[in-house]
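Everything on this sheet refers to the single structure shown next.
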Amino acid sequence: MKLWLEKVWSKRPGGLLKKPSLLVCDDQFKAHVTESTKRLATKLKTHLTVIPGGLTSQLQPLDFSVNELFTGFMHEEWESGLRHQLIMLHQQEE
C-alpha cells in the first residue's frame, strides 16, 4: 500500500499539491493499515478508510466483479505459459 501511495497516488494530477483531503477505501489487508501507511497518507492529505470484512462486494462492486474476472484471466494465461514451457522442454529432450 505504501508503495502504491508513493508511486501511483502521489503522481496523479494534483497529487503533490496542497489540495483538499481525499478518501481512499481499502479492505482489511494488513499492509493497508500499518502506521507507516497511515503517516504517508496523512502527508499526502489522504484519509484512509477500511471496509469491514464481508462488505467488499457491496461497497466496492467493481473490485469484486472485475478483479474476479481479471484474476481468472491471469490464471489461464499463467497455465497456458506453463504448458507451453513444458511442451518446449519435452521437445528438447526428444
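The values are calculated or read from the model by the stated rules, or taken from the named source; none is laboratory data. Keep in mind that what you see is a predicted model, and the values were worked out from it rather than measured. Backbone-built Cβ (ideal geometry, glycine too); neighbour counts: all protein chains shown.
Scanning the range 29-57 for residues that are of a type in the set (S, T, N, Q) and at pLDDT 80 or above turns up 34, 36, 37, 42, 46, 49. Test residue 40 against the stated conditions and say whether it is touching a helix residue (DSSP H, G or I) at 6+ places or on another chain (Cβ under 8 Å), part of a helix (DSSP H, G or I) and in contact (Cβ under 8 Å) with a residue 40 or more places away in the chain. Criteria not met by residue 40.
When the range 43-93 is filtered for residues that are among the aliphatic types (A, V, I, L, M), in contact (Cβ under 8 Å) with a residue 12 or more places away in the chain and not in a helix (DSSP H, G or I), the ones remaining, listed by number, are 44, 48, 50, 51.
For the range 41-79, the candidate set comprises residues that are surrounded by 10 or more Cβ atoms within 10 Å (Cβ to Cβ) and of a type in the set (Gly, Ala, Ser); within that set, the residue that is nearest to residue 1 (Cα to Cα) is 41.
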